[in-house]
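Heads up, the thing below is written out as structure tokens.
The values are calculated or read from the model by the stated rules, or taken from the named source; none is laboratory data. No experiment lies behind these values; they were computed from the predicted model shown. Cβ placement follows ideal geometry from the backbone for every residue including glycine, while neighbour counts extend to all protein chains displayed. The area values use the complete protein model at the heavy-atom level, side chains included, leaving out ligands, DNA and RNA. Shrake-Rupley method; radii C 1.70, N 1.55, O 1.52, S 1.80 Å.
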Amino acid sequence: MLNQYLPFVALIIFGNIENLVLSSQGVVAGVNPVKLGIASFIAVAFWLTLGTFGTQIALPYVDFIDFGGGLIIFVLGAQAMLESIRGE
């Protein structure tokens, strides 16, 4: 069963890093940490469910998904870092 998820390992790792960046950005912005934690938990549970059931369907498109997901994660991370540097 683990072999099904191996093509997505890089996306999972970078997605978790991006989640940490966005969470820290929310804390710096003064968001209520309890609400942020609950929202993060809901989002992670949703993506876990979607990923578990969608893996079989998405497996033929893993290269496109990895590239698109990696690009989106990079853009969101860069945006978060620029905003934190600017102090917005």
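The listed residues are GLY68, GLY26, and the only one of them that is surrounded by 13 or more Cβ atoms within 10 Å (Cβ to Cβ), part of a helix (DSSP H, G or I) and modelled with pLDDT of 75 or more turns out to be GLY26.
Could you tell me which residue of region 75-88 is most open to solvent (accessible area, probe 1.4 Å), considering only residues that are free of Cβ contacts under 8 Å to residues at least 40 places away in the same chain and in a helix (DSSP H, G or I)? Working first, answer last.
Filtering region 75-88 down to residues free of Cβ contacts under 8 Å to residues at least 40 places away in the same chain leaves 75, 78-79, 82, 85-88.
Right, trim to in a helix (DSSP H, G or I) and you get 75, 78-79, 82, 85-86.
Numbers: VAL75: 81, ALA78: 40, GLN79: 92, LEU82: 90, ILE85: 132, ARG86: 160 Å².
Among residues in region 75-88 that are free of Cβ contacts under 8 Å to residues at least 40 places away in the same chain and in a helix (DSSP H, G or I), the one most open to solvent (accessible area, probe 1.4 Å) is ARG86.
Kindly indicate the residue of region 35-65 that is of a type in the set (S, T, N, Q) and surrounded by 13 or more Cβ atoms within 10 Å (Cβ to Cβ) and also modelled with the highest pLDDT among those meeting that condition. It comes out as SER40.
Applying the set (1) outside any helix (DSSP H, G or I); (2) within 13 Å of the chain's Cα centre (by Cα); (3) of a type in the set (A, V, I, L, M, F, W, C) to ILE13 leaves exactly one unmet item: (1). Residue count for region 7-23, restricted to those that are of a type in the set (Ser, Thr, Tyr) and open to solvent by 60 Å² or more (accessible area, probe 1.4 Å): 0. The residues of region 15-57 that are under 19 Å from PHE67 (Cα atoms) and out of contact with any Gly (no Cβ under 6 Å at 6 or more places or on another chain), listed by number, are GLY15, ASN16, ILE17, ASN19, TRP47, LEU50, GLY51, GLY54, THR55, GLN56, ILE57. For region 25-56, residues that are touching a residue at least 24 places away in the same chain (Cβ under 8 Å), of a type outside the set (A, V, I, L, M, F, W, C) and within 24 Å of LEU82 (Cβ to Cβ) total 1.
Of all residues in region 29-41, those that are within 13 Å of the chain's Cα centre (by Cα) and either outside any helix (DSSP H, G or I) or farther than 19 Å from ILE73 by Cα (or both) total 0. Just one of (1) modelled with pLDDT under 80; (2) in contact with a helix residue (DSSP H, G or I) (Cβ under 9 Å, 6 or more places away or on another chain) fails for LEU2. It is (2).
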